[in-house]
Amino acid sequence: MTERRSPGWLLWGVLLLIVLAQTQAALAKDLKDGPFVSGADLFAALLFGLWFLWALATGEWRRVKWPPLAVGALVAVAIVAVGRADSPEALKSGIVDIAQYILYFVGVYLLLLNALTDEARVKRVVGLLAALTALMVLVALAQYVLWADPGNADETFRRVSSTFGLGDVIASTPLGKQLHLVGRSSRSICCNFLLIVLPALFSLGLSLRSLGWARPALLALVALGAVTTLSGWHFWALAAILIALSLRHSTKSALAVAAIVVTFVAVSPFVLPRNHQANLVELMDFHEEGVLDEQAVTAENFQGGELPTTTEVKKRWIEWQPALNMIRANPVLGVGTGGYQLHIGQNYGMLPNFKKIEPDTNCGWLVVAGSMGLCGLIAFAAVFVGSYRAAVMQSLQAPSDYLRALSTGLAGSAIGELLAMVFSSVLVRGLSITVILLLALVSAIQALSEAPAPSSEATTDHHVPGD
């Protein structure tokens, strides 16, 4: 069997793409409604075009590795569901969403999967991801320290929200404003990134003594990342995944991680009040304070001055109902790909529709189901469930200790992706390419496991007598 070839420039292109994805800078026709096209998207499209032409010219297209079937099913459902569009605006939004699905789940997935043709390349990509994560955690720690206000812990914990933070900087420059650039991150997206990446790094740090100094460095990175995970849902989901991964390693490790979590939570009210506020107080509070009181504003006796505020049930909970209404209207294909935001306003019913306080806090599963119905929901879930199952299998069958440890961590990352979708989305604000990277790593390890071992003839040196 002929081995797959992969040009060196493709690997370097993929490494650059992974870096660009974290800047979160994007072009936007409309700063509020988009569509948003990031620099990483444009670079991915260019890189895919070059690689596609190379594959055709060299005949390597015959040996291209393809994403799992579930990925194709998701893209197919997205294309079919756009037929539900009931206006030119909905059709336009649907086409943009389909283009992004194809770019990420076909283009980027193919690039990554076909660049990762051996273990050395997998290590290089994972090493870059670990370095980027370390940089992001350092930025978050800087925000944590600089924006600390123990007397106002219920507010400042929301400000630890950036990854690189470059998107905001680029967008605020004169050129960024002229080009209508946006780069806003959010607390949810930052926590999503940590929830899906840290399990993979944790498993490597926990399992591989051969890593030397990198082993304690990875474990320290995970610990610092957990400190800056200032969202209760994300923190507890991450803690549960880390304990589960530790249990797979040994009971002693699991007890140690559980004890660290309990101690951290116990001392946080006195030492780290913002973590306590995020991980316990906010998590148990179903209400949002400081919401604009629209009824008071529109009342005839309101004479101006400071705008009145009130307390409402959190918007993230209220928006579950209109999403369910969309699903009920068409359970099979929803309101159409890309049509969620265009239809949500007319589906609140009697519930209040006040201005959203915090971005990226919708239930991602309901957004998918509302847009593409139960078909889209099942296809989307199948992608991540399939990745989890494949990672678990490779944690036992992969051809090296490194790949088995990484596969164990990627199984935890897949669970993190499933859980992150409950209160946010994994396909927004530059996070999409990182998600595809984690999926592609599982597929690449699976391909390496299935590759036939080199024959004895190929691996034996033939010496001429007398040499």
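The values are calculated or read from the model by the stated rules, or taken from the named source; none is laboratory data. Predicted model only: the values in this text are computed from it and were never measured. Methodologically, a virtual Cβ is constructed for each residue, glycine included, from the backbone with ideal geometry; neighbour enumeration extends over all protein chains shown.
Being over 30 Å from MET136 (Cβ atoms) and either surrounded by 23 or more Cβ atoms within 10 Å (Cβ to Cβ) or among the polar types (S, T, N, Q) (or both) is true for just one of GLY373, GLY430, GLY409. Which residue is that?
Only one candidate passes the filter, namely GLY373.
Taken over region 228-246, the residue count meeting the criterion of being among the hydrophobic types (A, V, I, L, M, F, W, C) and at pLDDT below 95 is 2.
Counting only residues that are without any contact (Cβ under 8 Å) to a residue 60 or more places away in the chain and in a helix (DSSP H, G or I), which one in region 270-288 is surrounded by the most Cβ atoms within 10 Å (Cβ to Cβ)?
First, the residues of region 270-288 that are without any contact (Cβ under 8 Å) to a residue 60 or more places away in the chain: 270-272, 279-280, 283-287.
Then drop every residue that is not in a helix (DSSP H, G or I), which leaves 270-271, 279-280, 283-284.
Numbers: PHE270: 8, VAL271: 10, ASN279: 25, LEU280: 16, LEU283: 15, MET284: 8.
Per the criteria, the residue is ASN279.
Inside region 122-135, can you point out the residues that are crowded, with 20+ Cβ neighbours inside 10 Å and more than 18 Å from the chain's Cα centre (by Cα)? Residue satisfying the conditions is VAL122 alone. Note on region 376-401: residues that are out of contact with any Ser or Thr (no Cβ under 8 Å at 6 or more places or on another chain), part of a helix (DSSP H, G or I) and within 13 Å of LEU208 (Cβ to Cβ) total 0. The set of residues from region 327-356 being over 24 Å from VAL75 (Cα atoms) and in contact with a helix residue (DSSP H, G or I) (Cβ under 6 Å, 6 or more places away or on another chain) comprises ASN347, TYR348, LEU351, LYS356. For region 226-251, the tally of residues that are in a helix (DSSP H, G or I) and touching a residue at least 24 places away in the same chain (Cβ under 8 Å) stands at 16. For VAL367, the stated conditions do not hold, so it cannot be described as at pLDDT below 95, buried (at least 18 other Cβ atoms within 10 Å of the Cβ) and not in a helix (DSSP H, G or I). The one condition from (1) in a helix (DSSP H, G or I); (2) over 18 Å from GLY334 (Cβ atoms) that LYS65 does not meet is (1). Of the helices (runs of 4 or more DSSP H) lying entirely inside region 118-206, the ones with 3 or more residues being out of contact with any helix residue (DSSP H, G or I) (no Cβ under 7 Å at 6 or more places or on another chain), among the hydrophobic types (A, V, I, L, M, F, W, C) and at pLDDT 90 or above are found at 119-146. Looking at region 218-241, can you tell me whether even one residue there is hydroxyl-bearing (Ser, Thr, Tyr), farther than 24 Å from LEU135 by Cα and in contact with a helix residue (DSSP H, G or I) (Cβ under 6 Å, 6 or more places away or on another chain)? Taking every residue of region 218-241 in turn, none turns out to be hydroxyl-bearing (Ser, Thr, Tyr), farther than 24 Å from LEU135 by Cα and in contact with a helix residue (DSSP H, G or I) (Cβ under 6 Å, 6 or more places away or on another chain). Looking only at region 347-361, decide whether some residue is at pLDDT 95 or above, over 20 Å from ILE243 (Cα atoms) and part of a helix (DSSP H, G or I). Looking for residues that are at pLDDT 95 or above, over 20 Å from ILE243 (Cα atoms) and part of a helix (DSSP H, G or I), one finds none in region 347-361, hence no. Name the residues in region 324-346 that are under 26 Å from SER186 (Cα atoms), assigned to a helix (DSSP H, G or I) and polar (S, T, N, Q), would you? If the condition is that a residue be under 26 Å from SER186 (Cα atoms), assigned to a helix (DSSP H, G or I) and polar (S, T, N, Q), then GLN341 is the only one that fits.
Only one residue in VAL291, VAL267, VAL297 is in a helix (DSSP H, G or I) and either modelled with pLDDT under 90 or on the phi > 0 side of the Ramachandran plot (or both). Which one?
Exactly one of VAL291, VAL267, VAL297 is in a helix (DSSP H, G or I) and either modelled with pLDDT under 90 or on the phi > 0 side of the Ramachandran plot (or both), namely VAL297.
Restricting attention to region 315-338, and to residues there that are closer than 15 Å to LEU377 by Cβ and within 22 Å of the chain's Cα centre (by Cα), which single residue is surrounded by the most Cβ atoms within 10 Å (Cβ to Cβ)? Checking each candidate, the answer is THR337.
Whether a residue is in a helix (DSSP H, G or I) and hydroxyl-bearing (Ser, Thr, Tyr) was assessed, and SER425 does not pass this test.
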